[in-house]
1. How much net charge surrounds Glu18 when only the other residues with a Cβ under 14 Å from the Cβ of Glu18 are counted, with Lys and Arg +1 and Asp and Glu -1?
2. Between Ala26 and Glu10, what length in nm is gained on full extension when 0.36 nm per residue of separation is reduced by their alpha carbon distance?
3. How large is ³J(HN,Hα) for each residue in the stretch 20-31, as worked out from phi by the Karplus curve 6.51 cos²θ - 1.76 cosθ + 1.60 (θ = phi - 60°), to whole Hz, x for Gly and Pro?
Amino acid sequence: MTISLKLLFEEIYQAKDEDDLRSHLAPKIGEYFVGKRSGIFFFDQLQLCAEPLSCC
């Protein structure tokens with residue numbers, strides 16, 4: 001079964017909450033990108049650092 005990117009965006013739009021995204025959409029994202037492992041990451045779950053990271 002081939003899944004289209006348009007279908008993925010439609011399902012994102014129709015999702016009720018994050019749990020709905022994780023349970024129904026994550027496997028389809030893995031199928032679309034032919035990934036062995038797939039998941040969804042939400043940037044609002046990042047913990048902000050008190051100090052900026054130094055380069056080098």
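Values in this text are rule-based calculations from the coordinates and carry no lab data. Just so you know, these numbers come straight off a predicted model, no measurement behind them. For neighbour counting, all protein chains shown are included, and Cβ atoms are generated from backbone atoms with ideal geometry for every residue, glycine included.
1. Details: positive: Lys16, Arg22; negative: Glu11, Asp17, Asp19, Asp20, Asp44.
For residues surrounding Glu18, the net value is -3.
2. Numbers: separation 16, 0.36 × 16 = 5.76 nm, distance 1.37 nm.
Here the answer is 4.4 nm.
3. 5, 4, 5, 6, 9, 8, 4, x, 6, 5, x, 5
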